[in-house]
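Presented below is the structure to which this report refers.
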Amino acid sequence: MKLTAWRKKNGWTQAELADALGCSQPYVSQIERAVDPIIPGKDLLAKLYELSGGEVEPNDFYDLPNLSQQAAA
């Protein structure tokens, strides 16, 4: 699931997510952008995965097919 969709589904603001991740709100905005997004480093990717209960995966930041769905097929 894309980070923006997960954040909105859970009723979080960018500022609240930034506080939970230990980063700034402008940085959250940069990683959520549809145009020229920034891919977070591995530590932040791990925090996002844990915070979202696995709903936001590292592959969600890359333009890749959903590998977990392909493996199940």
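Quick rundown of the values:
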quantity: Matching residues, the stretch 1-28, being assigned to a helix (DSSP H, G or I) and surrounded by 15 or more Cβ atoms within 10 Å (Cβ to Cβ); calculated: L3, T4, W6, R7, Q14, L17, A18, L21, Y27, V28
quantity: Test for D36: is it open to solvent by 60 Å² or more (accessible area, probe 1.4 Å), out of contact with any Leu (no Cβ under 6 Å at 6 or more places or on another chain) and at positive phi; calculated: yes
quantity: Checking L48 against (1) under 14 Å from T4 (Cα atoms); (2) exposed (fewer than 10 other Cβ atoms within 10 Å of the Cβ), the condition it does not meet; calculated: (2)
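The values are calculated or read from the model by the stated rules, or taken from the named source; none is laboratory data. Note that this is a predicted model, so its numbers are computed, not measured. For neighbour counting, all protein chains shown are included, and Cβ atoms are generated from backbone atoms with ideal geometry for every residue, glycine included. With ligands, DNA and RNA removed, areas are computed over all heavy atoms of the protein, side chains included. Shrake-Rupley method; radii C 1.70, N 1.55, O 1.52, S 1.80 Å.
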